[in-house]
Amino acid sequence: MSVYGYLVAFWLVLAGSFGIVRSRDLIHSVVCLSVAQSGTYVLLLSIGFQTKATPPVYGSPPSTPTRSVTDPVVQAMTLTDVVVSATVTALLLAMAVQIHKRHGTLDPDELRALRG
Amino acid sequence: MPGGTAFSWLPPTTVAVPILGAALLLAVGRWLPRWLTDAIPTAVAAGITVLTACLLARTADGHVVTWSGGWRPTHGFSVGIVMVSDPVGAGAALLSAALATLALLYSWKYFESVEAHYHALVLLFLAGMQGFALTGDLFDMFVFFELMGASAYALTGMKVEDPSALQGALNFGIINSLGAYLTLAGVGLLYARTGNLGMPQLHQSLEGRPVDALVVAAFVLVLTGFLVKGAVAPFHYWLDDAHAVAPAPVCVLFSGIMVPLGVYGALRVYWIVFAGVLPGADIRRAFLVLGVISALVGAVMCVGQRHIKRLLAFSTIAHAGLFLCALALLSEDGTAGALLYVAGHAGAKAALFLLAGLLLNRFGSVDEHGLYGRGRSERLMPWLWVLGALALAGLPPFGTALGKAISEEAAIKGGDWYLSIVFVAVSGLTGGAVLRVAARIYLGLGPRPREGEAQAFESTGEEKSEARLRSAPATMVVPIVALLAGTLVAGVIGGSRSAFSHAAAYFTQPGAYVHAAMTLTAGTVSSVRQPNWTGLGLGLGFVSVAVALVTAAAGVYSSVLADRLAPLVRVGSAPMRVLRQLHSGHVGDYVAWLMTGVAVVGALVGLPLVR
Amino acid sequence: MSRTARTVMFAAAGGAVAVFAVLAVVRLPAFGSPYHPYRDHAFLAGVAHDTANLVSSVNFDQRGLDTLGEETILLASVMGVSVLLRRAEDEEEHDDRSVGWVLDATRLGGYIILPVTVLVGFDVITHGHLTPGGGFQGGVVVGTGIHLMYVAGRYRSLERMRPTTPFEWGEAVGAGAFAAMGVAGLLVSGAFLANLISYTGFGQLFSSGTVALLNGAVGIEVASGVMVLLAKFLEQAIVLRRREDGEK
């Protein structure tokens, strides 16, 4: 089933979002956001794959460059995104840490300061 | 020039210089005296303002194209990233730089003590906005979108002693990030189909090919992130939370330019990539539905608020809905009106947020009920509030009024006459809410509102101020006056009218954009009409002001009226209560609404194509 | 909204989006297909600039503006964490950083592996234009490798090893160097982030021109950023305590 990878990608995005909807803990919400983002990585990398192709690195000592490599563009997009998402997740977790310190709770149902 | 057309060095410089400034502040900020940590970023932002003004002047003669890295297109393909500056993009870049400069100037006295990190984050936010407005590559838009986001989340949550600040920042962060990831998924789908990431190349790849579910899904997904940023209902819930807690100068940047940039992104992607491919009538209907709902929800929620910054936030949501409605007409007139409205609104809304910040620092609260009558001894402030409120309501000859007038006429000409009613009602209601605030605080009009505990579904304006000031210092008043003056100037100067319609012509003609990018020739685009003040436009403007005055009066005397009109109030308050309860502050609710919004947009765009 | 209402709403919307996704996905090019036009052009461009790692060529040479944006996001996030996890007015530092103990085996393992990890990280950074890896990956390895000192030893030892200020400088230098090299490209050859330096010698250490330098800048920035990030979180967890009432 050749679309399996793509379906997994969208499933991850939906599952991550579902996790945030049902979440009772803000740290759990932030991690679910990470899950949703990893869905986009799966999508990008699946798009870039080519059967029987080599990785787009020719190494040192170099092998003969060939055009039949997996797509380096999506790999470049994904790898910078992974590091960026790690730091943005850290930013959101820092907020969660401070909320816990100030409110004493991480349950979004109990944080009622911003309503109306 | 290897990199592109003449002056192709300008766009990347406006991105690189704030980054260098932020790096400098990070490295040595700890040892600099406060005045230097204030002066350096303000100077950098002012410099970027000058650069973007030059860029805007340059775009009058055609697009400024920059191929980053010197990777010019060969045989219609390029591996590099293109930055295409047309008057709209350059204008957005100029607006963001000007607002950043004024916000940083205001921060000199607004914060009693603040680390250099704040200034560095504002500079990085500025770099993100510059990149977003000027780039022509879809993945690059996503990257700068995330840069705007990361700095914005941090700036929103800055006041860590205030627990609601962190919650607002977290809601903001989760919803905007989720929107950005959905946009990335859409970009991936487009890349899979065409093998391109740049918008001019995507235009060429999709042109003339049949539309199928993949293209529609890609369009809906790409749009989602920009609609989230543009606070279009039902993606808007994060905005009122973020504005309620972010410091006032930061709110200036959010409401003045960041939210309009979201709407800009959505329409830019539509025009360049999808305009030749998806049927305009369906897209127009989709955008109109979203815009009208946003505008009405924002206006109704705005009137019911007592937390002043939240009130202003809802009025931003309402106005963003109006911008979307005007742009949704997909005509040069509508676009010109929207652009002028954005520029005028930026000045008025920014001034009002700065005034709210002044209130906080003088009196320690932004609660309308708690501040009743406390401003009676002020002399300058009441006038500035009233001017800002009237500008928001659309009093001629402010720029907001001209933008509104042009948009209304474009709507009527296009057959959507009901839109003019929406425009008048929404601008009147939001302007009236702000007038009511000014009347209560500075004039002490009307009966004293019931104080005490807020009801179960509303937020009060309890907030800790950053500094205690006895009088308003010049560095805080000058930006406010400058912003209001700018709004007035935009509507009055004849040259501005033709400039905006010229810009609109560029925005709605993707062929010129694509041609300039791929062939590096700066061709010009001529605008068809010269919009002007007309009797109808002036009339509608005065009607809006009348609506505002009535709203303000009704609000000030609401307790008296409620007694007289009890049955009406009972009927009207139930849906209002439901609407207010929907804005719960719970991030799970917001995600559910986000997904609903994606489904709705998908249905609006996709179902007509099934037939 | 109640939890049930939220779930029902999301289930309906999510179902619709899933249907949409399936309809779109079946129209994508087949998984593993050879149709990758951008890849074909990127391959030619990368080989023309003698860069043996095509991913690095795309990242730093062809789409360098994106990478500038991404590393700036990193800078913004780390600065944001510094702002958010700063010492608040009602907090003070607290001195039980030396408690706890670890197994001797853990300690020995950590002390041996730490220098190896850091060296491997530097190797990954410097050879980013030749072998898989680069500034982002190697920077993370270096940053977390140094924290083996915390896992294997005590927080106090870690603190002595990494005062925060030099690492904030590292971040600023890394980010600034990237932007400055972009501007240098502008000044020298008229194009922002152009590959300036001679890049001959496919597969050798001194090849690919500015790709290697930009790699290094990013490596410094990411490593420093990760250090500052983890430092702030550890400080928040271990060191800072709310001031008791009555204390100064």
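We did not get these values from a lab; they are worked out from the coordinates using the rules stated. These numbers were taken from a predicted model, which means no experiment stands behind them. We place every Cβ from the backbone using ideal geometry, glycine too, and count neighbours over all the protein chains shown.
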When the charge dipole of segment C:50-242 is computed with +1 on Lys and Arg Cβ and -1 on Asp and Glu Cβ about the Cα centre, the Cα farthest towards its positive end, among C:Gly153, C:Ala212, C:Gly133, belongs to C:Gly153
Tell me the label-point distance for the pair C:Thr106, B:Ala603, using the 7 Å Cα-to-Cβ offset, in nm and rounded to one decimal. 5.5
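For a footprinting-style exposure proxy, rank B:Trp67, B:Trp238 by other Cβ within 10 Å, fewest first. Walk me through the numbers on the way to the answer.
Working: B:Trp67 28, B:Trp238 25.
Ranked by crowding around the Cβ, least crowded first: B:Trp238, B:Trp67.
Over chain B, what is the mean sequence separation of C-alpha contacts under 8 Å (at least six apart), divided by residue count, expressed as relative contact order in percent? Could the numbers behind the result be given before it?
Working: 1141 pairs, mean separation 101.2, N = 611.
Rounded, it is 17 percent for chain B.
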Loop only by DSSP, 10 or fewer other Cβ within 10 Å of the Cβ. Give me the trypsin sites (Lys or Arg not before Pro) in segment A:1-109 that pass, ordered by residue number. A:Lys52
Once amide H atoms are placed 1.01 Å from N in the peptide plane, what residues at a sequence separation of 5 or more from B:Gly198, or on another chain, have their amide H within under 5 Å of its amide H? B:Leu138
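Around B:Gly337, under 14 Å between beta carbons, what's the net of Lys plus Arg minus Asp minus Glu among the other residues? Please report the intermediate quantities before stating the final value.
Details: positive: B:Lys404, B:Lys413, B:Arg497, B:Arg529; negative: B:Glu332, B:Asp333, B:Glu408, B:Glu409, B:Asp416.
Net local charge, B:Gly337 excluded: -1.
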Rg/Rh for chain B, where both radii come from Cα atoms and Rh is the Kirkwood radius: 0.95
Could you work out the relative contact order of segment C:82-228? I mean the mean sequence separation of Cα pairs under 8 Å and 6+ apart, divided by the number of residues, in percent. 29
With at most 11 other Cβ atoms within 10 Å, longest stretch of chain C clear of loop GluC sites (Glu not before Pro) (DSSP): C:90-243
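Net charge near B:Val292, counting Lys/Arg +1 and Asp/Glu -1 over other residues with Cβ under 13 Å of its Cβ? Display every interim value, and only then the final one.
Working: positive: B:Arg284, B:Arg285; negative: B:Asp416.
Counting the neighbours of B:Val292, the net charge comes to +1.
Taking the Cα centre as origin and putting +1 on Lys and Arg beta-carbons and -1 on Asp and Glu beta-carbons, what dipole magnitude results for chain B, to the nearest 20 debye? Don't jump to the answer; show the numbers that get you there.
Working: 36 positive and 31 negative charges, 183 e Å.
The dipole magnitude comes to about 880 debye.
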Given pairs B:Lys159/B:Lys309; B:Lys229/B:Lys404; B:Lys109/B:Lys229; B:Lys159/C:Lys232 and cut-off 25 Å on Cα-Cα distance, the over-length ones are B:Lys109/B:Lys229
Based on other C-beta atoms within 10 Å, arrange B:Met148, B:Met518 from fewest to most. B:Met518, B:Met148
Rounded tilt (10° steps) of C:37-48 against the dominant C-alpha axis of chain C: 90
What does the charge count around C:Asp40 come to, taking other residues whose C-beta lies under 13 Å from its C-beta (Lys +1, Arg +1, Asp -1, Glu -1)? +1
Two-site FRET efficiency, C:Val8 against C:Thr200, from Cβ-Cβ distance with R₀ of 41 Å, rounded to 0.05: 0.05
With a cap of 16 neighbouring Cβ atoms within 10 Å, and only residues DSSP puts in a loop, list the trypsin sites (Lys or Arg not before Pro) found in segment C:72-167. C:Arg87
Most fluctuating residue given options C:Leu234, C:Leu54, C:Leu193, as computed from a GNM of chain C linking Cα atoms under 10 Å: C:Leu234
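State the antiparallel share, in %, of DSSP beta bridges confined to the protein assembly as shown, rounding to the nearest 5. Working shown, then result.
Working: 14 of 16 bridges.
Among the beta bridges of the protein assembly as shown, antiparallel pairing accounts for roughly 90 percent.
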Mean separation of Cα pairs under 8 Å and 6+ residues apart, divided by the residue count of chain A: what relative contact order is that in percent? 27
Across all Cα atoms of segment C:50-242, Rg and the largest Cα-Cα distance (Dmax), in Å, are 19.0, 59
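Please report, to one decimal in angstroms, the Kirkwood hydrodynamic radius of segment C:1-51 built from all distinct Cα-Cα pairs. It would help to have the intermediate numbers written out before the result.
Working: mean 1/r = 0.0677 Å⁻¹.
For segment C:1-51, inverting the mean 1/r across all distinct Cα pairs yields 14.8 Å.
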Points 7 angstrom from Cα along the Cβ direction at C:Arg242 and C:Asp123: gap in nanometres? 4.9
Any idea how far apart C:Ala18 and B:Val489 come out in nm if each label point goes 7 Å out from Cα toward Cβ? 5.6
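Before rounding to the nearest 500, sum -39500 (n - 2.57) across all DSSP H runs of length at least 4 in the protein assembly as shown and divide by the residue total; then give [θ] at 222 nm in deg cm²/dmol. Walk me through the numbers on the way to the answer.
Details: 36 runs with 658 residues, N = 975.
Counting only the DSSP helices, I get -23000 deg cm²/dmol.
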Can you sort B:Trp31, B:Trp71, B:Trp271 from fewest to most other Cβ atoms within 10 Å of each residue's own Cβ? B:Trp31, B:Trp271, B:Trp71
